[in-house]
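Structure record follows, encoded as structure tokens.
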Amino acid sequence: MSDLRNIQAVLFDLDGTLIDSAPDLGAAADQLRVARGMPSLPLDAYRHMAGAGARGMLHVGFGMTPEHADFPALREEFFNNYESCIHERTHTFIGVPELIQALVDQRMPWGVVTNKAERFTSLIVQRMPLFATASAVVSGDTTPHAKPHPAPLFEAAKRANVDPAQCIYVGDDHRDIVAGKAAGMITVAATYGYLGEGVTPGEWGADFSIQSPLELLKLLNRD
């Protein structure tokens with residue numbers, strides 16, 4: 001079992017791990033449907049694919065893949081819609097504010113590593129007080145590579161001034177675990193997040209898994 005006694009920082013994925021952005025992502029995609037005379041879909045239709053961003057939302061809304069000729073134009077329209085409503089319905093998962101406050105109280109540096117473009121990450125960070133204490137916020141386009149490449153995680157560890165080997169990375173997607181392991185970090189699967197259809201987190205090979213944010217504190221604080 002991985003040793004948590006030497007952990008010096010905790011890094012998190014963003015969407016599906018710290019914040020529930022599915023309502024705004026789904027609304028941005030649904031706006032595209034309604035504008036084209038198509039019936040609105042319920043949020044639950046979009047939620048399971050929220051972790052896949054524009055690709056997931058356009059797949060649900062239009063059955064469209066990135067290979068489709070119209071995908072780039074529709075994706076940019078989706079981005080514009082999302083940017084205009086990015087914080088209308090987005091909120092932290094239950095327990096996240098308490099988790100972050102506990103880390104701050106323990107003087108444990110924490111940060112965010114997301115594949116979300118800085119264009120959107122910056123708006124979330126600016127508008128949600130939760131992120132005022134973050135030691136690092138690394139977006140999908142901060143480094144030349146996005147997850148599952150370890151480069152963003154190395155960058156976050158550098159900004160937090162800690163050794164990657166002394167970091168935990170928490171995420172709700174297989175690529176989070178792949179990236180964390182490639183960076184030499186202890187990995188934690190957040191099974192309360194956007195898992196997608198037919199996904200089995202137990203097969204990701206994470207060092208630990210949690211079913212709620214506050215379970216992470218139990219891992220960190222146990223003897």
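Taken over the range 52-72, the criterion of being surrounded by fewer than 19 Cβ atoms within 10 Å (Cβ to Cβ) and over 18 Å from the mean Cα position of the chain (by Cα) is satisfied by 59, 62, 63, 64, 65, 66, 67, 68, 69, 70, 71, 72. In the range 19-38, which residues are in contact with a helix residue (DSSP H, G or I) (Cβ under 7 Å, 6 or more places away or on another chain) and either in a loop (DSSP other than H, G, I, E, B) or more than 30 Å from residue 130 (Cα to Cα) (or both)? Once the filter is applied, which keeps residues that are in contact with a helix residue (DSSP H, G or I) (Cβ under 7 Å, 6 or more places away or on another chain) and either in a loop (DSSP other than H, G, I, E, B) or more than 30 Å from residue 130 (Cα to Cα) (or both), the range 19-38 yields 21, 32, 33.
Close contacts from the range 65-79, counting a first residue that is more than 19 Å from residue 26 (Cβ to Cβ) and a second that is not in a helix (DSSP H, G or I), with Cβ to Cβ under 9 Å and a gap of 6+ residues or different chains, come to 70/64; 72/66. Taken across the range 164-180, residues that are out of contact with any Lys or Arg (no Cβ under 8 Å at 6 or more places or on another chain), at pLDDT 95 or above and charged (D, E, K, R) do not occur at all. In summary, strands (runs of 3 or more DSSP E) completely within the range 73-182 and bearing 3 or more residues that are surrounded by 20 or more Cβ atoms within 10 Å (Cβ to Cβ) and on the phi < 0 side of the Ramachandran plot occur at 110-113, 167-171. Screening 93, 79, 12, 62 for residues that are touching a Pro at 6+ places or on another chain (Cβ under 8 Å) and among the aromatic types (Phe, Trp, Tyr) leaves exactly one candidate, 93.
Just name the residue that is farthest from residue 11 (Cα to Cα) out of those in the range 183-223 that are within 14 Å of the chain's Cα centre (by Cα) and in a loop (DSSP other than H, G, I, E, B). Filtering the range 183-223 for residues that are within 14 Å of the chain's Cα centre (by Cα) and in a loop (DSSP other than H, G, I, E, B), the one farthest from residue 11 (Cα to Cα) comes out as 196.
Scanning the range 16-51 for residues that are among the polar types (S, T, N, Q) and either free of Cβ contacts under 8 Å to residues at least 40 places away in the same chain or surrounded by 23 or more Cβ atoms within 10 Å (Cβ to Cβ) (or both) returns 17, 21, 40. From the list 176, 163, the one residue that fits, being touching a residue at least 60 places away in the same chain (Cβ under 8 Å) and either under 14 Å from residue 205 (Cβ atoms) or touching a strand residue (DSSP E or B) at 6+ places or on another chain (Cβ under 8 Å) (or both), is 176. Residue count for the range 24-45, restricted to those that are charged (D, E, K, R) and closer than 22 Å to residue 124 by Cα: 2.
The values are calculated or read from the model by the stated rules, or taken from the named source; none is laboratory data. As the structure is a prediction and not an experimental result, all values here were calculated from the model. Ideal geometry is used to build each Cβ from the backbone, glycine not excepted, and the neighbour counts take in all protein chains shown.
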